[in-house]
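Read the figures in this text as sums done on the coordinates, not as results from a lab. As the structure is a prediction and not an experimental result, all values here were calculated from the model. Cβ coordinates were reconstructed from backbone atoms using ideal geometry, including for glycine residues, and neighbour counts include every protein chain displayed.
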Amino acid sequence: MFVDLSLPIQSHWRYPLKRDTVSSFEKGDVWQVSEFTMKSHWFSHIDFPRHTGLEYPDSNQFPLEHYNGMASVLYVQKQSIAMHAITREDLAMAAAGKHLHSILLIRTDWGLETSWETKDFWDNAPYLTDDAILWIKEQNPTAVAFDFPQDYTIRLLQQRAVAPEEQKTHTILLRNNILLIEYLTNFHAIGSEECEFICLPLKFEHIDGCPVRAIARV
C-alpha cells in the first residue's frame, strides 16, 4: 500500500503560485500545455544544506539513498498539539523501544487539528525546542521529515526575514548533512511505526531545495 505524504500544489495565501495554460484545445492548439512558476521551498519540499550558505553542499552531493529508504515514525502524542514545544523527552518517549532507521518521520498529526490552508496552521503550530533538535542530531539520521512547521520562527516569515541562525533545524541539522523534508502530511495513515519512505525531488542540478512527491510504502 502507498500513502501519499505530500500537500497538494494549489493556490494558497502563503504561496502565490502562478499556473497558466500556454496552449489549449479551446484556443485551437493541437496540444494542451501548462506553465508553473513557484519557489524551491514551497509546499512539501526538501532542503539541501546550500539553502543556508554558499559553503554548504547542494543537491548534487546527496545520492537518492541519503533521503530514501526505511524510516521510523516517531509519534509525539498529545491531546492537543497546538503551540506545544516538543522537547528531547517527547522525542525520546516516542522513540522508546524502537530500532531507529536512518530516516526519521516526526509525527504530530497537527494537520488533523487544523487545515494547512489556514493561518492557524502556521501561527499556532507545535515546534521543536533546541534540545529536541540536538536529540535528533545525536541519533545521526541522514534525513528527517515533519508534518508541522518545525521551527518556531517559521511563523514569523510573513512579517520579516528570518536568518538560518533563527531556525535551528537548519543550522544544527541541515548544516551537518541531515536533510530536512518539510511540510508533509498524512503520517497518521501510515499505520505503522516504520515504513519505506520515498522522496523524489525533480532532478535539477546544484539546487538548494525542491518540491517533492513524498510517499510511504507499508
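Assorted remarks:
- Whole-number D in µm² s⁻¹ for region 38-126, Kirkwood Cα-pair radius fed into Stokes-Einstein, 10 °C, 1.306 mPa s: 102 µm²/s
- Legend: ranking of residues Val33, Val218, Val212 from fewest to most surrounding C-beta atoms inside 10 Å; resulting order Val33, Val218, Val212.
- The separation of region 160-218 from region 5-42, counted between C-alpha centres, amounts to 23 Å.
- Tensor-based shape of region 101-218 (alpha-carbon gyration tensor, a/c under 1.5 rounded, otherwise prolate or oblate): rounded
- Selected from Gly191, Ala145, Leu134, residue furthest toward positive end of dipole (region 112-218; charges at beta carbon): Ala145
- Simple rule: put +1 on each Lys or Arg Cβ and -1 on each Asp or Glu Cβ in the chain, find the dipole, and look at Phe121, Thr169, Leu74; the Cα lying farthest toward the positive end is Phe121.
- Relative contact order [Cα under 8 Å, 6+ residues apart], region 1-56, whole percent: 28 percent
- Relative contact order of the chain, pairs being alpha-carbon contacts under 8 Å that are 6 or more residues apart, as %: 32 percent
- Computing Rg and the Kirkwood Rh from the Cα coordinates of region 77-129 gives a ratio, Rg/Rh, of 1.01.
- Prolate/oblate/rounded call for region 1-71, Cα gyration tensor, a/c under 1.5 rounded: prolate
- DSSP-defined beta bridges in the chain - what % are antiparallel, rounded to 5: 65 percent
- Residue-by-residue Karplus 3J(HN,Hα) for region 132-146, coefficients 6.51, -1.76, 1.60, Hz, glycine and proline x: 5, 5, 5, 4, 4, 4, 5, 7, 6, x, 8, 7, 9, 10, 10
- Pairwise FRET efficiency - Leu100 versus Ala163, Cβ, R0 = 30 Å, nearest 0.05: 0.50
- Where both bridge residues fall in region 30-143, DSSP classifies roughly 0% of the beta bridges as antiparallel.
- By the helix-only formula, in which each DSSP H run with n ≥ 4 contributes -39500 (n - 2.57) and the sum is divided by residues, the chain has a 222 nm mean residue ellipticity of -3000 deg cm²/dmol.
- Cβ-Cβ FRET estimate between Ala82 and Phe204, R0 fixed at 41 Å, reported to 0.05: 0.70
- Computed from Cα atoms alone, the Kirkwood hydrodynamic radius reported for the chain is 18.0 Å.
- Fewest-first ordering of Ile154, Ile86 by other beta carbons within 10 Å of each residue's beta carbon gives Ile154, Ile86.
- Residues Phe148, Phe43 in ascending order of nearby Cβ atoms (within 10 Å, fewest first): Phe43, Phe148.
- Whether region 106-167 is rounded, prolate or oblate, judged on the alpha carbon gyration tensor where a/c under 1.5 counts as rounded: oblate
- Here the 3J(HN,Hα) profile of region 157-172, calculated from phi with Karplus coefficients 6.51, -1.76 and 1.60 at θ = phi - 60°, is 5, 7, 9, 6, 5, 10, 6, x, 5, 8, 10, 5, 4, 7, 8, 7 Hz, Gly and Pro shown as x.
- Of the cross-linked pairs Lys39/Lys119; Lys78/Lys203; Lys39/Lys168; Lys78/Lys137; Lys39/Lys203; Lys18/Lys119, those separated by over 26 Å at the C-alpha level are Lys78/Lys203.
- What you get for the chain, charging only the Cβ of Lys and Arg (+1) and of Asp and Glu (-1), is a dipole of about 160 debye around the Cα centre.
- For Tyr75, the amide hydrogen comes within under 5 Å of the amide hydrogens of Arg107, counting only partners 5 or more places away or on other chains and with H modelled in the peptide plane.
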